[in-house]
């Protein structure tokens, strides 16, 4: 049977004892101070490396963001006034979160940045760069839309993108909420924006137009 001799008082203890039965001295060796000192530099090294990685990542993100701004043009004063009125309509109609995004967090541009030029955007009224919250409004946004109310509907679409939603989710969000916005067929049936949006939504989300007795009606009218 294994035995432990106490280094303090010399008593022979059982091998299963963790401390001396006479003086209580522990048989478990304490870690050396040198061992503890060796682990501290390793921990500090890992922390420094993480800080360096985070710092470089943030620097790259800021560089990318500013490159989007430097390679595009800002909105003019009158254009900003138009946008401001549309944002106000969104807020008044109950879309406070979306109004906050496009009213306070979005950075507006009037021309394509290098990234938009590279990826292309097709025939669009606006384009977004998520998660950098850069929102480019093309001339058609101001010239083709009928009024501020319609522009509010267009900004609602872009707000969904700035929140991370894809095209289908943005189309559905606007179509479901068009009545709350007052953007209805009764008023805007002759609008190019209305008809383009309706056609695109029907093509991508046909299930939204399979209601009514005939199964071919808009489910949100």
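I'd like to verify a number: residues in the range 178-190 that are within 21 Å of residue 99 (Cα to Cα) and buried (at least 18 other Cβ atoms within 10 Å of the Cβ), how many?
The number of residues fulfilling the criteria is 3.
Residues 45, 55: which one is out of contact with any strand residue (DSSP E or B) (no Cβ under 8 Å at 6 or more places or on another chain), within 30 Å of residue 113 (Cβ to Cβ), part of a helix (DSSP H, G or I) and at pLDDT 70 or above?
55
With 193, 174 as the choices, which residue is surrounded by 15 or more Cβ atoms within 10 Å (Cβ to Cβ) and without any contact (Cβ under 8 Å) to a residue 60 or more places away in the chain?
174
Do we find that residue 128 is in contact (Cβ under 8 Å) with a residue 24 or more places away in the chain and touching a strand residue (DSSP E or B) at 6+ places or on another chain (Cβ under 6 Å) in this structure?
yes
Within the range 134-161, track down each residue that is in contact with a strand residue (DSSP E or B) (Cβ under 6 Å, 6 or more places away or on another chain) and under 21 Å from residue 81 (Cβ atoms).
134, 135, 136, 137, 141, 158
The values are calculated or read from the model by the stated rules, or taken from the named source; none is laboratory data. This is a predicted model, so every value here is computed, not measured. Here Cβ is always computed from backbone atoms with ideal geometry, including for glycine, and neighbour counts include all displayed protein chains.
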